[in-house]
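In what follows, a single structure is set out as structure tokens and then discussed.
The values are calculated or read from the model by the stated rules, or taken from the named source; none is laboratory data. These figures come from a predicted structure and were not determined experimentally. Neighbour counts are summed over all protein chains in view; Cβ atoms, including those assigned to glycine, are modelled from backbone coordinates with ideal geometry.
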Amino acid sequence: MYTLTLDRITHRNTSQISVGFEYNASVKDHIKAFKGVRWSQTHRCFYFEDTRDNLHHFFKHIQKKSWYLN
């Protein structure tokens, strides 16, 4: 089981949700498959726009793998 950490960040003057995790190729691929996820070289993390709908859909996306959100 993997642990993901979500944090609110400001990137390009907008509120975003960052996704942190200990590197694993399968975790990375699953996160990248979520619509709207991008990589930030500045913050060195994946992120997506901070909206209620995006957060809800991301939780459902993560539940497919039974991973733990911290």
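Here are some notes:
- Restricting region 41-70 to residues that are β-branched (Val, Ile, Thr) and within 13 Å of the chain's Cα centre (by Cα), the residue that is modelled with the lowest pLDDT: Ile62
- Condition met for Arg38 (without any contact (Cβ under 8 Å) to a residue 12 or more places away in the chain, under 13 Å from the mean Cα position of the chain (by Cα) and surrounded by fewer than 10 Cβ atoms within 10 Å (Cβ to Cβ)): no
- Within region 10-28, if we keep just the residues that are in contact with a Phe, Trp or Tyr (Cβ under 6 Å, 6 or more places away or on another chain) and either part of a loop (DSSP other than H, G, I, E, B) or touching a residue at least 40 places away in the same chain (Cβ under 8 Å) (or both), the residue that is surrounded by the most Cβ atoms within 10 Å (Cβ to Cβ) turns out to be Ile17.
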